[in-house]
Amino acid sequence: MNGHADPLASLDPRLEWRAAGTADLDDWAALIARTAAVERPVWYERRADLEQVLESRTNPAAANTVLGFDARDAVRAYGRITKNPDGEKAIGYGCVDPAWQGHGIGTGLLGWMEARTRQRFAEDAVPGSTPRLRLHMEQQHTHQAALFGDAGYRIVRYYNEMHRPLADGFPEAVLGEGLELVGFGPELHEPVRLAHNEAFRDHWGSEPRDEEAWGFVVNDPLARPDLSAVVVEQSTGKVAGYQLASYDAVSAGSRGYKEGYTDLLGVRREFRGRGVAQALLADAMRRFAAAGMDKASLDVDSENPTGALALYAKMGYVAVNTSMAWDKEL
């Protein structure tokens, strides 16, 4: 165990704990859906997302996931962490069945995440690194805030979910000379990955996406390449910026409207100030509307250094929900 405590030691003994496997997919997804039905998050993991979790080589499920089973072999709790080998943080995910909440199981899961995070940092042996675990939650989930606060976590960032009604028409956006907007296809997967890593190099909390992580982005079950686009420099073919979108039919049913969601929007530094982001957003709105969507939506770091929040507001986006990132040094 690399000189660190066994992560399983903190877990509640009323449940039997083991790593997630393929045979658990249906029950695992059902647990998350039961929890979401009560807590009503904007998005939650589905079976197809969990299949991707099990496929990861960077974060093997055998060491980085845990499921808690009751006496009837029903899944009642779930936790996992992810970490890039040279990353400065691990990120924790998990939930507890609503019928089992309030009995310390979540506290035990946090203990498992923290112990496993310490192990991961020891395994990666990045010089000068301090183990850090990051957790995300939506503002309305006050029970999570109490759990995180009691465990010594602190809020380090706020994010705004923003919506833009498509019935209001579309903004005009003029793309700079020498630039062209094109569709997003497989031939652009790798060029856009490289552009993304460069564009987000100065963003708080962002880490480069390797081929595996990027594969999970472009092959996400909700990804909609037909609603996505890329701006390229005509003379060189270099990617200047990109807008990668998704659509969640399950969310549309629960929220009562259809939204095209911009998962990633980025512009390389040397192309900023040439209307790339505006053109991509205006194009996204038209694509979303043509596909029958009611709203365009996205999330933005409230302290984004590129002025993205002001840009989105100028283009008609309005904040509708807040989420937070919590950190703890271990």
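The values are calculated or read from the model by the stated rules, or taken from the named source; none is laboratory data. Only a predicted model underlies this, so the values are computations on that prediction, with no experimental measurement involved. Counting neighbours? That spans all protein chains shown, and the Cβs are built from the backbone with ideal geometry, glycine included. Remember, those area values only see protein heavy atoms, side chains included, never the ligands or the DNA or RNA. Shrake-Rupley method; radii C 1.70, N 1.55, O 1.52, S 1.80 Å.
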Item to check | Residue check for L109: closer than 25 Å to M324 by Cα, out of contact with any helix residue (DSSP H, G or I) (no Cβ under 7 Å at 6 or more places or on another chain) and either surrounded by fewer than 19 Cβ atoms within 10 Å (Cβ to Cβ) or in contact (Cβ under 8 Å) with a residue 12 or more places away in the chain (or both) | outcome: yes
Item to check | Residues of the range 40-99 satisfying the condition of being polar (S, T, N, Q) and within 15 Å of A20 (Cα to Cα) | outcome: Q52, S56, N59, N64, T65, T82
Checklist entry - Any idea which of (1) out of contact with any His (no Cβ under 8 Å at 6 or more places or on another chain); (2) modelled with pLDDT of 95 or more; (3) outside any helix (DSSP H, G or I); (4) within 18 Å of A277 (Cβ to Cβ) is the one V156 doesn't satisfy? => result (4)
Checklist entry - Does at least one position in the range 91-102 carry a residue that is under 23 Å from G215 (Cα atoms), touching a residue at least 40 places away in the same chain (Cβ under 8 Å) and part of a loop (DSSP other than H, G, I, E, B)? => result no
Checklist entry - Which residues, taken from the range 10-30, are closer than 17 Å to G94 by Cβ and polar (S, T, N, Q)? => result S10
Item to check | Residue, nearest to the chain's Cα centre (by Cα), within the range 183-201, restricted to residues that are farther than 30 Å from E329 by Cβ and surrounded by fewer than 14 Cβ atoms within 10 Å (Cβ to Cβ) | outcome: E190
Checklist outcome for this item: Condition set within 15 Å of G94 (Cβ to Cβ) and among the small types (G, A, S), scope the range 31-80, selection surrounded by the fewest Cβ atoms within 10 Å (Cβ to Cβ): answer is A33
Checklist outcome for this item: Flagged in the range 291-315 as farther than 18 Å from P165 by Cβ, touching a residue at least 12 places away in the same chain (Cβ under 8 Å) and open to solvent by less than 50 Å² (accessible area, probe 1.4 Å), in numbering order, are D301, S302, N304, A308
Next on the checklist: I need every pair where a residue in the range 169-185 that is more than 15 Å from A195 (Cα to Cα) has its Cβ under 9 Å from the Cβ of a residue that is surrounded by 18 or more Cβ atoms within 10 Å (Cβ to Cβ) and hydroxyl-bearing (S, T, Y), sequence separation at least 6 or different chains.
Outcome noted: G183/S228
Checklist entry - Within the range 255-281, which residues are aliphatic (A, V, I, L, M) and buried (at least 20 other Cβ atoms within 10 Å of the Cβ)? => result L265, V267, V276, A277, A279, L280, L281
Checklist outcome for this item: Scanning the range 289-302 residue by residue, those touching a Lys or Arg at 6+ places or on another chain (Cβ under 7 Å) and farther than 16 Å from A279 by Cα turn out to be G292, M293, D294, K295, D301
Checklist entry - Restricting to the range 148-181, what's the tally of residues that are in contact with a Gly (Cβ under 7 Å, 6 or more places away or on another chain) and open to solvent by 50 Å² or more (accessible area, probe 1.4 Å)? => result 2
Checklist entry - Right, A252: open to solvent by less than 40 Å² (accessible area, probe 1.4 Å), at pLDDT below 95 and within 22 Å of D283 (Cα to Cα) or not? => result yes
Checklist outcome for this item: Here, helices (runs of 4 or more DSSP H) confined to the range 220-330 with at least 2 residues that are over 27 Å from P191 (Cβ atoms) are 249-255, 308-314
Next on the checklist: Let me spell it out: the conditions are (1) loosely packed, with under 13 Cβ neighbours inside 10 Å; (2) under 23 Å from G149 (Cα atoms), and L8 meets all of them except one. Which number is the exception?
Outcome noted: (1)
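If you check H136, H196, which single one turns out to be assigned to a helix (DSSP H, G or I) and either at pLDDT 95 or above or in contact with a strand residue (DSSP E or B) (Cβ under 7 Å, 6 or more places away or on another chain) (or both)?
Among H136, H196, only H196 is assigned to a helix (DSSP H, G or I) and either at pLDDT 95 or above or in contact with a strand residue (DSSP E or B) (Cβ under 7 Å, 6 or more places away or on another chain) (or both).
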Item to check | Residues that are in a loop (DSSP other than H, G, I, E, B), touching a residue at least 12 places away in the same chain (Cβ under 8 Å) and either in contact with a Pro (Cβ under 7 Å, 6 or more places away or on another chain) or not acidic (D, E) (or both), drawn from the range 202-218 | outcome: D202, H203, W204, G205, P208, R209
Checklist entry - Which of the following residues is open to solvent by 30 Å² or more (accessible area, probe 1.4 Å) and closer than 27 Å to V318 by Cα: T130, T236, T142? => result T142
